[in-house]
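The values are calculated or read from the model by the stated rules, or taken from the named source; none is laboratory data. Because the structure is a prediction, the values reported are computed rather than measured. We place every Cβ from the backbone using ideal geometry, glycine too, and count neighbours over all the protein chains shown. Calculation scope for accessible area: heavy atoms of the full protein, side chains included, ligands and nucleic acids excluded. Shrake-Rupley method; radii C 1.70, N 1.55, O 1.52, S 1.80 Å.
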Amino acid sequence: MTGIGGSSATAQLATITPWTDKAAPISVDERMARIEQARALTRDSGADALLVGAGTSLRYFAGIPWGGSERLIAMLIPVAGEPVLIAPYFELGSLEAELQIDAEFRLWQEDQSPTALVAEACRAWGVNTLAIDPALPFLFVDRIAHDAPALILISGAAAIDGCRMHKSPAEIALMQQAKSMTLEIHRRAALTLREGIRASEVTRFIDEAHRAIGGVGSTFCIVQFGRGTAFPHGLPGDPELREGDMVLIDTGTTVQGYHSDITRSYVFGTPNDEQRRIWDLEKAAQAAAFAAAQPGRPCESVDQAARDVLEAAGLGPDYALPGLPHRTGHGIGLSIHEPAYLVRGDKTPLATGMCFSNEPMIVIPERFGIRLEDHFYMTEDGPRWFTEPQVAIDAPFE
């Protein structure tokens, strides 16, 4: 077993040092360019303003890394004019410390209606149609409709996704750092494996290692052995590793909010003939998906390329098992799953700056599953890997 076992969590953690090749943060100029693009796309959609809720889209435009809650924090971007932040008065100081663009604050006290401020701003600007962040909770959309009954509300997905789907070189550099760090942690996690180790021990090591190398810890971590690998997101419990078990580890971290998400599958011990055969099919399906990701082709064609490989080998068809039970990949950036998607029905043309996972998992029910997941980004000439795919089932990090 090349690169599997032979060390310990303690030994590996002792030799991890913080990542030195750090990507630059997103600049103020880039954020302002994003807002200008959002204005143009909002105008093209027929709307007069765009409302962006707290969460990854607010972070994308304004640099504020806050999640949503029952208190409305949102940015109103008119097609002409400066952005306005609607926020609780008591959060002003904290928000000012995070804000990375110029914007006016309009504040509400706890006994006041924040959506009334949205309605008031729209009336003052002469907004007839408001495009709303599709991730904004219905709670707020409903209240805006109540406070501004004449306002036409439409989805802001065309503007928000139209911006976020196409990553800049700065965004790609941040994701490259995150993914390179996670791949190194994968390599070290494999070295800590031993017979009898529990999944929770591996999970704990991966989180600590992500912190040691400069991430925020593990944003998620799936560690499964044996039968548990046949379930795409695993089974509950804390299994122990046994000789001959398939190992599936899927994990990631973030760098300045940008995600990594990498999966490796290999055997602890000597792979049997069936494990090798299915692993080789998975490798071929992942390679076919990558080759199909050409500029201008629809996203769904990448999914179909992977399925064609599997169906030719007698798996499937479609989502039937044994076979591939889910889409081949998802967009990634500030959200770990975001548009566009490598799945049947998504006809979005592949274009420069789009970033995707490539993970056409094979499930053999009740026995084992194999997922190889690496990510790629689109260039004018075609796809480029962030991380090189796994080479062999018994040499996962060569």
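The table below gives the values:
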read-out: Value of D in µm² per second that Stokes-Einstein yields for the stretch 234-274, Kirkwood Rh from Cα pairs, at 4 °C (1.567 mPa s); value: 104 µm²/s
read-out: ALA170 paired with GLN112, simple spin-label distance in nm, labels 7 Å along Cα-to-beta-carbon; value: 3.3 nm
read-out: Accessible-area composition of the chain, carbon plus sulfur, in percent [1.4 Å probe]; value: 52 percent
read-out: Computed Rg/Rh of the stretch 141-242, alpha carbon atoms with Kirkwood Rh; value: 1.22
read-out: Interchain or long-range residues, amide H under 5 Å from GLY269's placed H; value: GLY244
read-out: Pairwise centroid distance, computed over Cα atoms, of the stretch 16-90 with the stretch 104-152, Å; value: 17 Å
read-out: Spatial extent of the stretch 89-137: Rg and Dmax, with the Cα atoms as the point set, Å; value: 12.7, 33
read-out: Whole-Hz couplings from phi, Karplus 6.51/-1.76/1.60, listed for the stretch 99-109; x for Gly and Pro; value: 4, 10, 9, 7, 7, 7, 9, 10, 10, 10, 8
read-out: Dipole magnitude (debye, nearest 20) for the chain, charges at Cβ of Lys, Arg, Asp, Glu; value: 320 debye
read-out: Alpha-carbon centroid distance for the pair the stretch 303-318 / the stretch 333-394, whole angstrom; value: 16 Å
read-out: Hits among lysines - C-alpha to C-alpha of LYS167 under 21 Å, sequence gap 8 or more where chains match; value: LYS22, LYS179, LYS347
read-out: Inter-label distance, nm, simple model (7 Å from Cα along the C-beta direction), SER7/MET32; value: 4.6 nm
read-out: Convex hull volume per residue in cubic angstrom - Cα atoms of the stretch 189-287; value: 106 Å³
read-out: Translational D in µm²/s for the chain (Stokes-Einstein at 4 °C, 1.567 mPa s, Kirkwood Rh from C-alpha pairs); value: 57 µm²/s
